[in-house]
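The values are calculated or read from the model by the stated rules, or taken from the named source; none is laboratory data. Worth saying up front: this structure is predicted, and the values here are computed from it rather than measured. We place every Cβ from the backbone using ideal geometry, glycine too, and count neighbours over all the protein chains shown. Heavy atoms of the whole protein, side chains included, go into the accessibility calculation; ligands, DNA and RNA do not. Shrake-Rupley method; radii C 1.70, N 1.55, O 1.52, S 1.80 Å.
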Amino acid sequence: MKAFSFLFASCLLCTALTASYHAPRYEANQDGGRSWNIMDEDLSAEGVQEKGLEEEEDNTLPAATESHRISILGGEPNGNAPFPADDVPSTPSTWKLAGKLDMSDPFQQCPGSLSKISSPRVSCGKSTGQSCNGFTIATSGVSYKTVCGRFRGYQVASTDAFGEYAKMGNSLEDPYVDGISITYGAPGKRQHIFTYAVGIEESDSHPYTCPCNGGTAPPAYVGSDYYCESGNTVEKGGSRLYHEDPLWDGQQCGGREVTCCNPPNLGWFCKKFSTPVTGDIEVRLCTDESVENENVALEFFELYIK
């Protein structure tokens, strides 16, 4: 297992902010991997000023509280548009940065049980087949009602989206998707937050393509809380990493997959709960076959709770 070195930022979309921090403490999770405890991070924003506002305004951000609050500019989450780039409000919303990974940083390591992919895009992939590999973000009992984030990755070989979930056990505990599963709660009692699925191709329509392309519908516990896209534009049975088409970015949905790019602010998701939850957040890369036949390459993510 590899230790997860998270990057921290208090800059999002429109406003450049800076913050000082100390290295996080890692905790072993149940599968022997590592989890990041958000309460261990000193994200003091005291004395930092927002840019672009009038000079006569008091632009000093509040100091971090004991929960290590960070302030970022962004609107109150609204559906799938938690942080609208063109509608920055005058009053910052306060969110907690749960975790961030950016493999464009040469010092960044792959988290948990994920393995580094060096070429053609530096990213993190699964290390074992017919399973889910990933990492846990320890929230240390911090209560939250909203989870917002965005993920960027790439298709590797012949991923099947939801095409094989019934065969694999039809449970959230199983590799129900070829893609990324985001949940909270302990193993055996996982609760779904969001899923990023990867279809096999965009030029044809069959059970292994995305649901928006006529593929198998997601299981009931996923519902509409998912995005799906394929990075394979023309190949049949390809076995490479399709680096030409980053996934879940709202672009390059060609052929029969054009409606897969329809959701507004695609890439960002926002999940609200009816009551506050406190469970740790788990990010798992899942496939139902060997890594030689299918994999998911995670290049970037950022996750916030409120």
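Descriptive notes on the structure:
- Just one residue in the set 88, 147, 142, 122 is at pLDDT 95 or above, among the β-branched types (Val, Ile, Thr) and either in contact with a helix residue (DSSP H, G or I) (Cβ under 7 Å, 6 or more places away or on another chain) or open to solvent by less than 60 Å² (accessible area, probe 1.4 Å) (or both); that residue is 122.
- Of all residues in region 251-306, those that are closer than 22 Å to residue 214 by Cβ, aliphatic (A, V, I, L, M) and in contact (Cβ under 8 Å) with a residue 24 or more places away in the chain total 2.
- Applying the condition of being on the phi > 0 side of the Ramachandran plot and part of a loop (DSSP other than H, G, I, E, B) to region 164-213 and asking which residue is farthest from the chain's Cα centre (by Cα) yields 169.
- The residues of region 94-109 that are among the basic types (Lys, Arg) and under 13 Å from the mean Cα position of the chain (by Cα) amount to a single one, 100.
- Among residues of region 136-159, those that are of a type in the set (D, E, K, R) and under 22 Å from residue 116 (Cα atoms), counted: 2
- Some residue of region 180-188 being open to solvent by 40 Å² or more (accessible area, probe 1.4 Å), free of Cβ contacts under 8 Å to residues at least 60 places away in the same chain, farther than 26 Å from residue 100 by Cβ and not hydrophobic (A, V, I, L, M, F, W, C): yes
- Meets criteria (buried (at least 22 other Cβ atoms within 10 Å of the Cβ) and either within 24 Å of residue 147 (Cα to Cα) or at pLDDT below 90 (or both)) for residue 175: yes
- When each of 229, 244, 235 is tested for being of a type in the set (Asp, Glu), touching a residue at least 24 places away in the same chain (Cβ under 8 Å) and over 20 Å from residue 283 (Cβ atoms), the lone residue that passes is 235.
- The single residue among 100, 116 that is open to solvent by 20 Å² or more (accessible area, probe 1.4 Å) and under 25 Å from residue 278 (Cα atoms) turns out to be 100.
- Region 223-243, residues that are closer than 18 Å to residue 253 by Cβ and open to solvent by 30 Å² or more (accessible area, probe 1.4 Å): 224, 226, 233, 234, 235, 243
- Boolean, residue 111 is free of Cβ contacts under 8 Å to residues at least 60 places away in the same chain and not in a strand (DSSP E or B): no
- Strands (runs of 3 or more DSSP E) fully within region 253-306 that include at least 2 residues being surrounded by fewer than 19 Cβ atoms within 10 Å (Cβ to Cβ), more than 18 Å from the chain's Cα centre (by Cα) and at negative phi: 268-277.
- Single condition residue 220 does not satisfy, out of (1) hydrophobic (A, V, I, L, M, F, W, C); (2) more than 16 Å from residue 154 (Cα to Cα); (3) open to solvent by less than 30 Å² (accessible area, probe 1.4 Å); (4) part of a loop (DSSP other than H, G, I, E, B): (3)
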